[in-house]
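Data block below; observations after.
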Amino acid sequence: MRKLAIALLFFLPEAFAQQQVEGETELAGFVLGQFRKNVHAQLGAPFQKSVDGEGWRFEFHTLKPDTSVYAVFKYNPGDTSRIYAIELVGDRYAEMHPFKGLRLGDPKEKVLRVLGQAIRSEKVEDPPVTTYFYNNENYSVDIDDKGLLYGIQIFGNILEHKPVGHPSIKHFKTAVVSRNIDSLVNWLAPDAELHKGGKVVTYRVSARAELSNPNSEFVKLLLGDTGSAWYAFAKEYAEGASESRLHPELNQMTIVDKFFDSNTISEVVFRTHAGKWKVYEIIFR
């Protein structure tokens with residue numbers, strides 16, 4: 001079972017390397033590109049880990065104490081500090097955050113109805129599963145011999161994709177004002193930074209777990225009733241003026257919205273991630 005997880009995570013990106021792949025970036029609450037330290041802070045030390053001959057690192061973390069459900073995180077040899085791929089494996093896991101409306105243990109009929117027709121399938125004997133691959137997508141799924149969803153994988157072959165055009169802060173503001181966690185997971189970069197008073201606040205755990213914790217310092221700065229991005233957008237009605245800027249640390253072009261009319265925030269900085277513009281920095285006054 002664990003060898004299978006490694007093989008699937010390793011080979012799918014190469015199989016679709018020549019295609020323009022769309023995709024998903026969140027699984028098990030974590031976002032591709034988040035830091036390995038975030039995984040360890042939430043899930044503890046891996047119960048198994050390995051490194052292949054090319055330097056790819058695989059770490060297995062339990063999601064249920066009996067290991068009937070676990071997650072595998074894959075790290076690129078070029079940067080073993082960030083998540084490159086995630087696999088979720090195991091029996092029924094009703095409490096998981098859904099992947100495109102699906103949870104482990106769902107029947108095959110529901111999987112096919114939600115994801116559509118796969119372009120390729122591959123049978124594996126141990127454990128007895130069939131893996132389904134989808135055209136121009138960065139994920140695959142495993143169906144076991146009982147006809148139930150047994151595994152979900154997402155891959156980092158979309159991480160370097162660039163978006164078309166420039167971002168609009170409108171949708172991020174809506175996500176903040178409505179305090180919509182699903183939208184915020186998608187709009188915030190996996191390495192988002194909140195700068196205030198000489199301190200940099202980042203995710204400590206998975207993006208979804210962090211944003212779901214009202215006591216998190218990150219959440220208080222982002223969504224708190226006062227002194228937050230929420231306050232700037234919902235109460236000050238701050239409007240930004242956009243400009244392009246070469247970010248000195250990222251060494252890439254970013255889009256910066258400058259807020260001259262806010263006493264709370266001065267800048268919101270967008271960077272590219274997995275084919276989309278995402279908020280990388282919020283600079284507070």
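Can you sort MET253, MET96 from fewest to most other Cβ atoms within 10 Å of each residue's own Cβ?
Fewest-to-most Cβ neighbours within 10 Å comes out as MET253, MET96.
Using θ = phi - 60° and the Karplus form 6.51 cos²θ - 1.76 cosθ + 1.60, what ³J(HN,Hα) does each residue of region 41-55 get, whole Hz, x for Gly and Pro?
5, 8, 9, x, 5, x, 7, 7, 8, 8, 10, 7, x, 9, x
Give me a comma-separated list of calculated 3J(HN,Hα) values for region 118-128, in order, Karplus coefficients 6.51, -1.76, 1.60 applied at θ = phi - 60°, integers in Hz, x for any Gly or Pro.
Here the 3J(HN,Hα) series is 6, 8, 7, 9, 9, 8, 10, 7, 9, x, x Hz.
If we count every other residue with Cβ under 14 angstrom of VAL268's Cβ, Lys/Arg +1 and Asp/Glu -1, where does the sum land?
Once all neighbours under 14 Å are counted, the net charge is 0.
Report the Cα centroid-to-centroid distance between region 271-285 and region 114-140 in angstrom, as an integer.
Going from one Cα centre to the other spans 33 Å.
Answer with one residue from ALA192, PHE270, PHE259: the one whose Cα lies farthest towards the positive end of the charge dipole of the chain, charges on Cβ with Lys, Arg +1 and Asp, Glu -1.
PHE259
Hey, what do the phi angles of region 159-165 turn into as Karplus ³J(HN,Hα) couplings, whole Hz, using 6.51/-1.76/1.60 and θ = phi - 60°, x for Gly and Pro?
Rounded to whole hertz, the list is 5, 8, 5, 10, x, 9, x.
Given +1 on the Cβ of Lys and Arg, -1 on the Cβ of Asp and Glu, and no further charges, what dipole in debye does region 114-223 carry about its Cα centre, rounded to the nearest 20?
820 debye
If each residue's Cβ is checked for other Cβ atoms within 10 Å, how do VAL141, VAL177 rank with the fewest at the top?
The order, fewest Cβ neighbours first, is VAL177, VAL141.
Cross-chain or 8 or more residues apart, Cα under 15 Å: how many lysine pairs in region 170-284 fit that? Count them up, please.
8
For SER81 and VAL164, FRET efficiency with R0 = 30 Å and r from the beta-carbon atoms, rounded to 0.05?
0.55
Run the dipole for region 170-284 about the Cα centre, Lys and Arg Cβ at +1, Asp and Glu Cβ at -1, nothing else charged, and hand back the magnitude in debye, nearest 20.
The dipole of region 170-284 has a size of about 220 debye.
List the trypsin sites (Lys or Arg not before Pro) in region 108-159 that DSSP assigns to loop (not H, G, I, E or B) and whose Cβ has at most 15 other Cβ atoms within 10 Å. Which are they?
Sites meeting the loop and neighbour criteria: LYS146.
If you wrap region 2-154's Cα atoms in a convex hull and average its projection over all directions, what's the area in nm²?
So the Cα hull casts an average projection of 8.6 nm².
Quick one: length gained pulling VAL200 to GLU125 fully straight, 0.36 nm per residue minus the C-alpha distance?
Stretched fully, the VAL200-GLU125 segment lengthens by 22.1 nm.
Say the dipole of the chain comes from +1 at the beta carbon of Lys and Arg and -1 at that of Asp and Glu; which of LEU211, SER168, TRP230 then lies farthest toward its positive end?
TRP230
Could you work out the local net charge near PRO167, counting Lys and Arg as +1, Asp and Glu as -1, over the other residues with Cβ closer than 11 Å to its Cβ?
Local net charge: +3.
How large is the charge dipole for the chain, taken about the Cα centre, if only the Cβ atoms of Lys, Arg (+1) and Asp, Glu (-1) carry charge, to the nearest 20 debye?
Computed about the Cα centre, the dipole is about 420 debye.
Provide PHE60, PHE260 in ascending order of the number of other Cβ atoms located within 10 Å of each residue's Cβ, fewest first.
PHE260, PHE60
To the nearest 10 degrees, how steep is helix 2-15 against the longest Cα principal axis of the chain, on a 0 to 90 scale?
Roughly 70 degrees, rounded to the nearest 10.
When a/c is below 1.5 the answer is rounded, else prolate if a/b is larger than b/c, else oblate, so apply that to region 209-285 with a ≥ b ≥ c taken from the square roots of the Cα gyration tensor eigenvalues.
In terms of gyration-tensor shape, oblate.
Please express the Cα-Cα pair-distance distribution P(r) of region 147-229 as a list of whole percents, one per 5 Å bin, running from 0 to the bin with the greatest distance.
Going from the shortest bin to the longest, the percentages are 3, 12, 20, 22, 16, 13, 8, 4, 2, 0, 0.
Viscosity 0.692 mPa s, temperature 37 °C: Stokes-Einstein D of the chain from its Kirkwood Cα radius, in µm² per second?
Using the Kirkwood radius from Cα pairs, D works out to 165 µm²/s.
Which whole-number percent gives the relative contact order of region 170-284, counting Cα pairs below 8 Å spaced six or more residues apart?
Averaging sequence separation for qualifying contacts and normalising by length gives 24 percent for region 170-284.
Bear in mind these aren't lab numbers, they're just calculated from the coordinates by the rules spelled out. All figures in this text were calculated on a predicted structure; none of them were measured in a lab. No Cβ is skipped: glycine too gets one built from the backbone with ideal geometry, and neighbour counts run over all protein chains shown.
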